[in-house]
Structure formats: structure tokens, C-alpha cells
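The next block holds one structure in the form of C-alpha cells; read it before the comments.
The values are calculated or read from the model by the stated rules, or taken from the named source; none is laboratory data. All values derive from a computational prediction rather than experimental measurement. Neighbour counts run over all protein chains shown; Cβ positions are idealised from the backbone, glycine included. In case anyone asks, the SASA skips ligands and DNA or RNA and just uses the protein heavy atoms, side chains included. Shrake-Rupley method; radii C 1.70, N 1.55, O 1.52, S 1.80 Å.
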Amino acid sequence: MVKLTCASSFWALPASIRPLFRSPHLVLSCRRYASKDVSPGALTIGGHSYPIDSWTNVPPNILAQYGRKLHVQSDHPLSITRQLIASRFPSFRNHDSLPGVVTVEQNFDSLGFTPDHPGRNRTDTYYINQSTLLRTHTSAHEVDVFRANESDGYTISADVYRRDAVDKSHYPIFHQMEGALTWDRKAFASSEACIQQITKDFEALPKHPLVVEDPNPTYQPSNPLQTQYHSPEEAEILAKHLKRSLEDMVVTIFAEADKGLAAAGHRSKSEDEPLKVRWVEAFFPHTSPSWELEVWWQGDWLEVLGCGVIDQPLLIRAGQPDRIGWAFGLGLERLAMLLFGIPDIRLFWSTDKRFLSQFSEDGPIRRFQPFSKHPAAPRDVSFWLPKTDAPIITNTPATASTAASPAGGQPTEPSTSDQAPPAFHENDLMEIARNVAGDSVEDVTLIDDFTHPKKQRRSLCYRITYRSLERTLTTEEANRMHDHITRELIEKYRVEIR
Ligand code: PHE
């Protein structure tokens with residue numbers, strides 16, 4: 001019955017995504033998300049029905065995971081991480097259950113994203129239809145939460161969705177936490193009085209022992225002051241308050257990570273060197289000036305969050321022209337992986353007791369103990385691309401869940417306004433692999449890219465690594481998944497297997 005429903009809506013799907021629905025495996029996933037009242041030409045998500053159109057590109061495996069709410073599941077490492085962060089902002093109001101289907105207006109326009117921002121591309125974002133998508137970041141709710149004006153400070157924690165690389169630290173659904181704090185100029189007799197209050201609040205923030213590198217001035221042409229709206233003094237004190245608050249939050253997280261390491265018998269990081277962070281200039285459409293905070297962790301600078309002084313036109317759009325303030329956004333998985341020593345992002349989705357029973361909200365942070373290590377099954381797929389003038393997009397750096405590519409998309413990609421859609425985009429292969437192999441695909445990497453000098457034909461070779469976290473895959477299973485992915489590639493891109 002349900003299968004019929006799925007099948008009947010199949011032909012209503014855009015041709016570009018039909019191949020993704022063809023396997024028995026996918027019908028199964030379809031069965032899980034499709035409710036009985038699905039009508040052809042519509043998708044039911046979270047109890048609401050949405051019409052589909054030529055923009056629809058959200059596949060069944062993503063919808064099957066929609067609504068898991070890992071960030072609020074008791075004793076889940078993502079929830080523990082969220083609570084640890086929230087504990088550093090005790091006066092903030094926490095929004096943890098805002099629905100993941102938002103409008104293009106909420107996700108991009110309301111934040112001042114330009115019409116050609118690469119994050120809007122269908123190769124990077126999951127569209128339900130032309131005007132509706134799965135949020136790519138928690139900032140999608142900023143304007144609504146500011147408009148409701150229920151508290152000076154707030155956090156938003158939620159699942160976010162991006163078409164992206166397949167590897168141990170990227171998954172098409174991950175979780176972000178957003179925080180913002182504003183002061184109402186109207187509540188003060190003068191701008192000076194408002195600045196005095198922010199200064200007082202700054203002085204009341206906890207002091208920390210961090211080594212902080214912050215070489216740049218608060219604003220400069222590359223990271224501008226919003227001259228039309230903010231005085232230099234306002235921007236300076238907002239930046240100071242923002243930076244100290246976030247440094248304090250990072251100290252808390254990393255001190256806990258260190259304790260976990262020590263408890264597991266490892267040498268604590270702080271014994272070797274004091275915790276070090278640095279502020280790096282950044283760009284976000286919804287803040288200016290903007291920064292990323294990086295932490296020196298295990299021999300590398302690790303980008304932890306993006307932040308900045310809130311774009312004033314955004315607050316004006318939200319009906320709060322008199323409020324000024326700061327906002328930040330971070331990826332919870334990245335912090336949870338380091339806090340608990342979780343080596344693979346797929347583990348967060350595990351329902352295996354051997355994983356879930358290791359974490360507790362009440363006790364101290366404990367390092368994850370791997371319960372099994374199953375062998376990897378790598379398989380290569382080499383193919384000639386069809387001859388075409390349309391762009392071929394490969395080797396896209398995986399997005400960091402904050403900063404460099406705010407809300408997804410690569411700055412190097414052609415934008416939505418460009419005429420020709422790409423003839424091949426790596427993210428499509430990533431998605432085929434996820435759809436066919438589910439969580440049994442660990443990594444997809446381009447290992448060869450060459451153009452035949454005489455034939456002027458381009459060939460790509462990807463290595464797909466299959467490995468289940470829960471059991472050993474048989475050779476036949478790996479072969480079957482690989483053959484299936486290969487068939488989808490041929491069907492979707494008309495590639496010629498070498
Ligand atoms: N929305 C940004 C992202 O997803 C992060 C961010 C949030 C930056 C708030 C600044 C302020 O990359």
C-alpha cells in the first residue's frame with residue numbers, strides 16, 4: 001500500500017532525482033518517511049505536505065533521518081555538548097526545536113545573502129521545492145527569533161543540512177548551535193550609557209587563562225565597521241564582549257576535553273602547553289566585522305566557530321532597529337568529536353547500545369571506547385566524462401561547518417545565476433554513494449583526474465571506501481553497492497566506465 005504510494009509519486013519526481021529512488025533499498029527508506037497521506041507531487045515532512053517541483057532534490061535517505069533530534073536526545077554526546085555550551089550563557093533563552101524546513105527567504109534573503117551566493121546552489125543545498133529547503137544553518141531563524149524579542153540573549157540548536165563531501169568528519173546532516181546577545185539602545189538615556197552598560201557586562205565576564213592571538217584591529221577595510229549604523233566605540237565594546245564570552249566558552253569545552261583525556265590515562269594537553277586560541281578575520285553576510293575563532297589542538301589550528309557584530313539591516317528587518325549586538329554559530333559535531341574522542345561522524349547516528357551507553361549527562365566527560373574495528377573495503381571507479389561545455393566540479397574542499405563557506409557552497413563554484421548547470425558535480429556522486437550505501441560508505445575521494453591529450457577527454461577516478469561501523473561487510477556486499485553506484489553514475493551522467 002505504502003509502496004504503491006511511493007511508486008505513484010515516482011513519476012511526479014523531477015527526472016534528475018528519479019534514479020535515486022530506484023533501488024529496493026531506497027523504496028525501503030521511502031517507506032519510512034512517506035506517510036499514508038502522501039499525494040503524487042508532494043512530500044510529507046514532519047507532518048506537513050510540500051509540493052515538489054523541478055527544484056526538488058532532497059533524497060529519501062535524508063528525509064528518513066529528518067526529525068531524529070540527536071541534539072536533544074538524552075545522554076547523546078551532541079546533547080551533552082550543547083548543554084555544556086549553553087551552561088556558559090545562563091541568562092540566554094534556548095530554542096532547541098525549531099522545524100528544519102524553512103523558506104529560501106529565511107535561510108538566505110533575511111540574512112542578506114546575495115542572489116548569486118554559492119550556498120543557494122542546488123548542488124549544495126537540499127531543496128523541497130523552489131521556495132522551500134532544509135535549513136543549511138541555524139541562522140535561518142535569526143530574524144524570526146529577533147522579531148519575537150523574548151530575551152536579550154538566545155541560543156538556537158538544530159539539525160542542519162548540506163550536500164557535501166563523504167568522509168569521517170562530514171555528514172549531510174549535522175548540528176549547529178547559534179548564540180546571540182543584543183542590547184536595546186532605547187533602554188538607555190544615551191549611546192554612551194548603552195556603551196557603559198556593555199562595558200560593565202564585559203567586566204563581569206569570567207576571566208580565563210587562555211593565550212589569545214588577536215593581531216588585527218577590530219575593524220579595517222577588509223573587515224568593515226557598519227559606519228552607517230555603529231559608532232567605533234560601539235563596535236569596539238561589542239567585539240570585546242563577544243570575544244571574551246566565546247573565549248570563555250571555548251576554555252570550558254577544552255578543559256572538559258582535557259579532563260576526559262586525563263581520566264582515560266592520556267597525557268593532558270595542558271601539561272604540554274597552555275591552551276592557545278586565535279582570532280581570524282572572516283566574512284559572513286549577516287555580520288560585520290566578522291571573525292573565526294581557532295583553537296590550537298593536537299598540533300593544528302582548528303576552526304571552532306564563526307561570529308561577528310550583527311548586521312544592522314538584519315535587525316531592522318526583524319523590527320528591532322534599536323538593538324545592537326553580536327552573534328556566533330558553531331558545529332556541534334566537531335566539538336563533540338574532540339570532547340569525547342569520537343573518530344567518525346557516522347557514529348552520532350548509531351542506535352547501537354555499544355555506542356549510546358558510553359555517554360551520560362550526569363557524569364564527567366568520558367572518552368569514547370571503540371567497540372569494534374571492521375575492515376575497510378575500498379573500490380575505485382574510473383570514468384570518462386561526456387564531452388561538454390558545462391562546468392565540471394571536482395575537488396571541492398569539504399565545507400567547514402562554520403566560516404569559510406557560510407551556509408554551505410564554495411566560493412569557487414558557479415552561482416545559481418549562471419546559465420549552464422554543472423555537467424558533473426562531485427556532491428552528486430557523494431549523494432549517490434550515500435543513497436546506495438547509507439552509513440556503510442566511509443569516504444569518497446578523487447584520486448585521479450586527467451585529460452587525454454589527443455582525445456581531449458577528461459577522466460576521473462574516485463576511491464569509494466566502504467566500511468560499516470557495526471559489522472564486517474562481505475566482499476559481495478561491497479561489490480553490489482559499488483556496482484549499483486556505478487550504474488547510477490552511468491545513468492545520471494552518461495559517463496563511460498574505463
Ligand atoms: N551561519 C554561519 C554558518 O553557518 C555561522 C555564523 C552564525 C556566523 C552567526 C556568524 C554569526 O557558517
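If you put +1 on each Lys and Arg Cβ and -1 on each Asp and Glu Cβ, how big is the dipole of the chain around its Cα centre, in Debye rounded to 20?
With Lys and Arg at +1 and Asp and Glu at -1, about 1740 debye.
In nm, what is the difference between 0.36 nm times the number of residues separating Asp449 and Ile497 and their Cα-Cα distance?
Using 0.36 nm per residue and subtracting the Cα-Cα distance, I get 15.9 nm.
Read phi for every residue in the range 219-230 and hand back ³J(HN,Hα) as whole Hz from Karplus 6.51 cos²θ - 1.76 cosθ + 1.60, θ = phi - 60°, with x for Gly and Pro.
9, 7, x, 6, 8, x, 6, 7, 4, 5, 10, 10
Of the heavy-atom accessible surface of the chain (probe 1.4 angstrom), what whole percent is carbon and sulfur?
On the way: 10860 of 21070 Å².
So the carbon and sulfur contribution to the accessible surface is 52 percent.
Just the number please: accessible area per residue for the chain, 1.4 Å probe, all protein chains included, in Å².
Values: 21070 Å² over 498 residues.
Each residue of the chain exposes 42 Å² on average to a 1.4 Å probe.
Counting only the backbone N, which residues of the range 203-219 are under 19 Å from the spot 7 Å out from the Cα of Asp272 toward its beta-carbon?
Those under the cut-off are 210-212.
Let a ≥ b ≥ c be the square roots of the eigenvalues of the Cα gyration tensor of the range 50-151; is it rounded (a/c under 1.5), or, if not, prolate (a/b larger than b/c) or oblate? Don't skip to the answer; put the middle values down first.
Details: a/c = 2.38, a/b = 1.42, b/c = 1.68.
Oblate shape, in that a/c is at least 1.5 and b/c is the bigger or equal ratio.
Name the long-range amide H neighbours of Arg93: under 5 Å, sequence gap of 5 or more, or other chain; modelled H, no Pro or chain starts.
Residues meeting the criterion, in which the H sits 1.01 Å from N, are Gly153, Tyr154, Thr155.
Label point 7 Å out from Ala420 along Cα-to-Cβ: which residues of the range 364-394 have amide N under 16 Å?
385-394
Once you put a point 7 Å from the Cα of Ala148 and another 7 Å from the Cα of Ser372, both along the Cβ direction, what distance in nm separates them?
Output for this residue pair reads 4.2 nm.
Can you figure out the FRET efficiency of Glu281 with His208, using R₀ = 22 Å and their beta-carbon distance, to the nearest 0.05?
The calculated FRET efficiency here is 0.50.
Report the label-to-label distance for Trp384 and Thr114 in nanometres (one decimal), using points 7 Å from each Cα along the Cα→Cβ vector.
For the pair Trp384/Thr114, the computed spacing is 3.9 nm.
Which percentage, to the nearest 5, of the DSSP beta bridges contained in the range 42-357 is antiparallel? All intermediate terms of the calculation are to be shown ahead of the outcome.
Numbers: 50 of 56 bridges.
If I count the DSSP bridges inside the range 42-357, around 90 percent turn out antiparallel.
Quick one: what are the phi-derived ³J(HN,Hα) couplings along the range 281-293, Karplus 6.51/-1.76/1.60 with θ = phi - 60°, whole Hz, x for glycine and proline?
Along the range 281-293, the couplings run 5, 9, 9, 9, x, 9, 9, 6, x, 10, 9, 10, 9 Hz.
For the range 148-162 and the range 424-498, compute the distance between their C-alpha centroids and round to whole Å.
37
Filter the DSSP H helices in the chain by two things, a Kyte-Doolittle mean of at least -0.5 and an axial alpha-carbon span of 15 angstrom or more, and list the hits by number.
Helices meeting the span and hydropathy rule in the chain are 191-204, 232-263, 426-437.
Equivalent ellipsoid semi-axes for the range 171-288, as square roots of 5 times the alpha carbon gyration tensor eigenvalues: give them largest first, rounded to whole Å.
After scaling each eigenvalue by five and taking roots: 32, 18, 15 Å.
Mind giving me the FRET efficiency for Thr199 and Asp322? R0 is 22 Å, r the Cβ-Cβ distance, nearest 0.05 is fine.
Details: r = 19 Å, r/R0 = 0.85.
The value I calculate is 0.75.
Could you sort Ile316, Ile128 by their accessible area in this structure, using a 1.4 Å probe and putting the largest first?
Ile316, Ile128
For the chain, what are the per-bin percents of Cα-Cα distances with bins 20 Å wide, up to the bin holding the maximum?
22, 54, 23, 1
So what is the relative contact order of the chain, in percent, for Cα pairs below 8 Å that sit 6 or more residues apart?
Across the chain, relative contact order equals 17 percent.
Using 0.36 nm times the number of residues separating Gln298 and Arg471, minus their current alpha carbon distance, what extension gain do you get? Working shown, then result.
On the way: separation 173, 0.36 × 173 = 62.28 nm, distance 3.01 nm.
59.3 nm is the gain from fully extending Gln298 to Arg471.
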